[in-house]
Amino acid sequence: MRNATKAADQAMSKDPAVGLRAVAALRRLTESLEALQVANARARDWTWQEIATALGVSKQAVHQKHSNRVPDQGKA
Amino acid sequence: MFERFTDRARRSLTLAQEQAVFLGHDFIGTEHMLLGLAVERDGVGGRILQEVGLDEDTLRAEVGRRMPPGAALHLRPEDGDALAELGIDLAQIRERVESSFGEGALPTARTGKVPFTALAKQALESSLRSALALGHNYIGTEHVLLGLARTEGGVAAEILDDVITVGDISERVIMKLRGMGHTG
């Protein structure tokens, strides 16, 4: 909470090191959430095609990226 | 197990870890071990890879093609502060995620070390067996290469399979060792 309050009180730093670090962290957050949601969708029997559509990417892309991380419960 | 590894073989494993991190992967797979051998280019393993056209750059491109980069899944300990700069409260996000998906659903990476995959561990064991089969009491880069080639289902074996057979690797290893002392 302390950090969030600090950020709300202040403008964003113009230091590229700070800005780039934030972007990298944001990317890791999105990747983490994506992996979590894809695993959740697979566990709920969503097909790769349905997941790809929801994410707005191709089925190939989502399958290649996640198939080796998510336990494969079905062939889709 | 690692005490039997030669300096070069050991270094190739450290390099494998570096390559994994460099590619944004949070695991060491057989593909990173293969890259490690290529970077350790003066080892017997690295020299054989060069002979069949798998130098460091070619191999890195090949690995990147098969295993897309940017696959780093885990947040880092410093990310909370970095995100606060954007006004994002990571603690709050984690709390919401964990209340739905359970504790540890949004894990934070331990800094530094990335773990070996099951197949990579299998390849290490296969390296040991390859050394024993040749009557060697050490594990050199040549044995790691053989171990990788023999680990079916691994990305390294897939890449090697396209250019060279296990038998051919074995022959090259024996020929190379015949022409020199044991310095793998």
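Any idea which of (1) outside any helix (DSSP H, G or I); (2) under 18 Å from the mean Cα position of the chain (by Cα); (3) of a type in the set (Gly, Ala, Ser) is the one B:Gly87 doesn't satisfy?
Condition not satisfied by B:Gly87: (2).
Can you name the number of the only condition in (1) in contact with a Leu (Cβ under 8 Å, 6 or more places away or on another chain); (2) of a type in the set (Ser, Thr, Tyr); (3) modelled with pLDDT of 90 or more that B:Thr165 fails?
Looking at each condition in turn, B:Thr165 falls short on (1).
Considering only the range B:129-146, state which residues are in a helix (DSSP H, G or I) and open to solvent by less than 50 Å² (accessible area, probe 1.4 Å).
Scanning the range B:129-146 gives B:Ser130, B:Ala131, B:Thr141, B:Glu142, B:His143, B:Val144, B:Leu145, B:Leu146.
Conditions tested, residue by residue: (1) more than 8 Å from chain B (Cβ to nearest Cβ); (2) at pLDDT 90 or above; (3) buried (at least 17 other Cβ atoms within 10 Å of the Cβ); (4) in a helix (DSSP H, G or I).
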{"residue": "A:Ala4", "(1), (2), (3), (4)": "no, no, yes, yes"}
{"residue": "A:Ala7", "(1), (2), (3), (4)": "no, no, yes, yes"}
{"residue": "A:Met12", "(1), (2), (3), (4)": "no, no, no, no"}
{"residue": "A:Ala24", "(1), (2), (3), (4)": "no, no, no, yes"}
{"residue": "A:Arg28", "(1), (2), (3), (4)": "no, no, yes, yes"}
{"residue": "A:Glu31", "(1), (2), (3), (4)": "no, no, yes, yes"}
{"residue": "A:Glu50", "(1), (2), (3), (4)": "yes, yes, no, yes"}
{"residue": "A:Lys65", "(1), (2), (3), (4)": "no, no, yes, yes"}
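Scan the range B:66-78 and give yes if some residue there is of a type in the set (Asp, Glu) and away from every other protein chain (no Cβ under 14 Å), otherwise no. Walk me through it before giving the result.
Within the range B:66-78, the first condition is being of a type in the set (Asp, Glu), and the residues that meet it are B:78.
Going one step further and asking which of them are away from every other protein chain (no Cβ under 14 Å), we end up with none.
No, the range B:66-78 has no match at all.
Only one residue in B:Ala149, B:Ala123, B:Ala105 is on the phi < 0 side of the Ramachandran plot, open to solvent by 10 Å² or more (accessible area, probe 1.4 Å) and modelled with pLDDT of 95 or more, so which one is that?
Of the residues listed, the single one that is on the phi < 0 side of the Ramachandran plot, open to solvent by 10 Å² or more (accessible area, probe 1.4 Å) and modelled with pLDDT of 95 or more is B:Ala149.
The values are calculated or read from the model by the stated rules, or taken from the named source; none is laboratory data. Everything numeric here is computed off the predicted structure, so don't read it as measured data. Cβ sites come from the backbone with ideal geometry, for glycine too, and all protein chains shown count toward neighbours. What goes into the accessible areas is simple: the full protein's heavy atoms, side chains included, and nothing from ligands, DNA or RNA. Shrake-Rupley method; radii C 1.70, N 1.55, O 1.52, S 1.80 Å.
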